[in-house]
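One structure is given here, and the rest of the page talks about it.
The values are calculated or read from the model by the stated rules, or taken from the named source; none is laboratory data. These figures come from a predicted structure and were not determined experimentally. Please note: Cβ atoms are built from the backbone with ideal geometry, for glycine as well, and neighbour counts cover all protein chains shown.
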Amino acid sequence: METGIGFLALLLCLYLSWALLQVLCRGGWTSSPKNRRSAPPGPWPLPIVGNLLQLDSRPEKKFAELAKIYGPVMTLQLGCVRTVVISSAQAAREALQTHDLAFSGRTIPGTATAHSHDRLSVGWLPASSPTWRSLRRIMTLHVFAAKKLDSTRTLRRQILEDVVAGLRKSALSGFPVEIAETSFRAVCNFLSNVLLSTDLIKPNPEEEDSKDLISVMRSFIVELGKPNLADFFPFLKRIDANGRRRQAAVYYGQLLLMIDDLVNKRLQVREKPAGDLIARETDVLDSLLDIFEDKREETIGMEHIKVLIMDMFLASTDTISTTFEWAMAELLRHPDKLSRAQAELEQVSGRGNPIEESDIPRLPYLDAIIKETFRLHPTAPLLLPHKAEEETELCGFTVQKGAQVLINTWAICHDPSLWEDPGSFVPERFLGGPGPIGSIDIKGHNFELIPFGSGRRICPGLPLAMRMLPLMLGSMINCFDWKLPDGMKPREMNMEDVLGVTLRMAHPLRVVPFLCEPM
């Protein structure tokens, strides 16, 4: 008897807990019958956890499997968060082009709220806010505009020559180098010179300050990408149940202190009488401080400027270095593709030389390699999460206001109806053959391949990435021959990946550079 009463009490507690969660989740899956009928289809959710138990460490792959059952627009209940997953190029076009404004919101992860980052960052602010528009305008005009990038061409060349010089030393010593770290340093120093007129990372890889900075930046990026209970059960955000926000705040705080110090030193320099100032080029920080002091953008404060600088470092360095590593890994795994790329480079740039930016338009195979790398290893397989700002009709279904919207670029890039042999590395598919794939670009217009997103939320750093990637990749494979360490054969390479904010190699690529021999 007591056992029966205890069991009934347990059932009652479970029911009350579930009912409470419905209230806390604001009706997560208790919408009206009308809305349930018109919502995109999807697997039936369990009480409390919804469809979370159906996911694993690679949600983009699981979403792609479910899309084969429920279609390219489907609904999942991830804890308390109603989520619509888009898995086809056609549906992505309708969401990000036709309904760009309606889906321009952001679902804010708990770690992004550390130090109020979400209220200051162009990545998380609502696209409808004046502050967001001001920050995007600043990035477009003062950092990533074609004219601005053209003016920093000599600087990119100098950074590249520094990288080549360092690799030549490694080639003479015979020691392997870590590809992602090499490119991370190059991109970080280019940005730090453009933004702040200084090298943030010293040339010597063993200098402790440089190693610490790289470690902190990477740790913060990794922390942002870790699963967080509060992202599925928003009522847990305040208590930070698994400590994700607290840990992110530690790394974020260290980066803020570094930016604070650099900005404060610049403010002190600007306070000196004009006659005492040393002549130098105006950098982006000067432009930002001019905008702040002249009140040209009324919604922009000093905290926005500091966070904007940090955002540009974090987003650009991680995206470019990750893609560069994957491209090098695929070329080493496919020696025939590497030989073809080197032959093209020898014809255009001359074997053994860093390439010039003016060479890039005459290197179609190099361009195809970069596109194929973005396709096979999309940097952000689900992009950053969008949010429906209003109830919207999408592909015949109703997406409720407030729903999280995920664009599964991984599924689109591995769709066999779009790509022949989608699991293989085939740069030749982009060399202008019959059909639309041959002439595709990655600027957000061709939804078969949108590694940087599309619409008003497209990554503003796209122009920089598309200058840095071919410049670095072309120069690395033209100036050096590369071999895997310890006699490893190409097919023995570990190509496992791990998903965080970006899709990284699970095991960092380490290779040995050799001074190239003329072909």
Practice task
Filter region 482-499 down to the residues that are over 19 Å from residue 337 (Cβ atoms) and in contact with a Lys or Arg (Cβ under 7 Å, 6 or more places away or on another chain), then identify the one that is surrounded by the fewest Cβ atoms within 10 Å (Cβ to Cβ).
Solution key: 485
Completion exercise
residue 448: passes all of (1) surrounded by fewer than 21 Cβ atoms within 10 Å (Cβ to Cβ); (2) in a loop (DSSP other than H, G, I, E, B); (3) without any contact (Cβ under 8 Å) to a residue 40 or more places away in the chain but (3)
Fill in the blank from the handout: Counting only residues in region 54-81 that are part of a strand (DSSP E or B) and out of contact with any Phe, Trp or Tyr (no Cβ under 7 Å at 6 or more places or on another chain), the one surrounded by the most Cβ atoms within 10 Å (Cβ to Cβ) is identified as 76
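Anything in region 228-261 that is acidic (Asp, Glu) and either in a loop (DSSP other than H, G, I, E, B) or free of Cβ contacts under 8 Å to residues at least 40 places away in the same chain (or both)? List them, or say none. Before you say what the answer is, go through the steps one by one.
As a first pass, look at region 228-261 and keep what is acidic (Asp, Glu): 231, 240, 260-261.
Matches in region 228-261: 240, 261.
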Practice task
Go over the candidates 402, 438, 423 one by one and state the one that is out of contact with any Leu (no Cβ under 6 Å at 6 or more places or on another chain), surrounded by fewer than 14 Cβ atoms within 10 Å (Cβ to Cβ) and part of a loop (DSSP other than H, G, I, E, B).
Solution key: 423
Problem - Residue list for region 149-181, filter: closer than 30 Å to residue 507 by Cβ, of a type outside the set (A, V, I, L, M), over 24 Å from the mean Cα position of the chain (by Cα) and in a helix (DSSP H, G or I) - result: 161, 162, 166, 168, 169, 170, 173
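Take residue 238 and tell me if it is basic (Lys, Arg) and surrounded by 17 or more Cβ atoms within 10 Å (Cβ to Cβ). I'd like the intermediate steps shown before the answer.
Working: basic (Lys, Arg): yes; surrounded by 17 or more Cβ atoms within 10 Å (Cβ to Cβ): no.
No, not satisfied.
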Exercise for the section: Looking for whichever is surrounded by fewer than 17 Cβ atoms within 10 Å (Cβ to Cβ), closer than 25 Å to residue 462 by Cα and β-branched (Val, Ile, Thr) here; the options are 282, 379, 373, 322. Which one fits? Expected result: 282
Handout entry: Residue in region 469-477 that is closer than 26 Å to residue 422 by Cα, assigned to a helix (DSSP H, G or I) and of a type in the set (Gly, Ala, Ser) present
Key = yes
Problem - Output for region 356-387, where each listed residue is among the hydroxyl-bearing types (Ser, Thr, Tyr) and within 21 Å of residue 156 (Cβ to Cβ) - result: 358, 373, 379
Handout entry: Complete set of residues in region 414-441 that are modelled with pLDDT of 95 or more and among the β-branched types (Val, Ile, Thr)
Key = 426
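Residues checked against (1) touching a strand residue (DSSP E or B) at 6+ places or on another chain (Cβ under 7 Å); (2) of a type outside the set (Gly, Ala, Ser); (3) under 20 Å from residue 124 (Cα atoms):
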| position | (1), (2), (3) |
| --- | --- |
| 369 | no, yes, no |
| 379 | yes, yes, yes |
| 388 | yes, no, yes |
| 417 | no, no, no |
| 432 | no, no, no |
Practice task
Might you let me know whether region 272-279 holds any residue that is at pLDDT 85 or above and either in contact with a helix residue (DSSP H, G or I) (Cβ under 8 Å, 6 or more places away or on another chain) or under 17 Å from residue 311 (Cα atoms) (or both)?
Solution key: no
Exercise for the section: Go through the residues of region 89-96 one by one and say whether even a single one is surrounded by fewer than 17 Cβ atoms within 10 Å (Cβ to Cβ) and modelled with pLDDT of 95 or more. Expected result: yes
Handout entry: Residue that is farthest from residue 224 (Cα to Cα) [pool: residues in region 383-392 that are buried (at least 21 other Cβ atoms within 10 Å of the Cβ) and of a type in the set (A, V, I, L, M)]
Key = 388
Exercise for the section: State whether the residues of region 346-360 include one that is aliphatic (A, V, I, L, M), in contact with a helix residue (DSSP H, G or I) (Cβ under 7 Å, 6 or more places away or on another chain), touching a residue at least 60 places away in the same chain (Cβ under 8 Å) and part of a helix (DSSP H, G or I). Expected result: yes
Handout entry: Criterion (closer than 30 Å to residue 56 by Cα, crowded, with 21+ Cβ neighbours inside 10 Å and touching a residue at least 60 places away in the same chain (Cβ under 8 Å)) met by exactly one of 111, 107
Key = 111
Problem - Residue match in region 309-316 (condition: more than 26 Å from residue 511 (Cβ to Cβ), touching a helix residue (DSSP H, G or I) at 6+ places or on another chain (Cβ under 7 Å) and surrounded by fewer than 17 Cβ atoms within 10 Å (Cβ to Cβ)) - result: no
Completion exercise
Of 220, 184, the only residue that is touching a Ser or Thr at 6+ places or on another chain (Cβ under 8 Å), of a type in the set (Phe, Trp, Tyr) and either at pLDDT 90 or above or part of a helix (DSSP H, G or I) (or both) is 184
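Considering only region 243-254, I want to know if a residue exists there that is more than 21 Å from residue 119 (Cβ to Cβ), of a type in the set (Ser, Thr, Tyr) and either surrounded by fewer than 17 Cβ atoms within 10 Å (Cβ to Cβ) or modelled with pLDDT of 90 or more (or both).
Within region 243-254, the subset more than 21 Å from residue 119 (Cβ to Cβ) is 243.
Subset that is of a type in the set (Ser, Thr, Tyr): none.
Checked against the condition, which is being more than 21 Å from residue 119 (Cβ to Cβ), of a type in the set (Ser, Thr, Tyr) and either surrounded by fewer than 17 Cβ atoms within 10 Å (Cβ to Cβ) or modelled with pLDDT of 90 or more (or both), region 243-254 yields no hits at all.
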Handout entry: Scope region 117-128; condition touching a residue at least 12 places away in the same chain (Cβ under 8 Å) and surrounded by fewer than 17 Cβ atoms within 10 Å (Cβ to Cβ); matching residues
Key = 126, 128
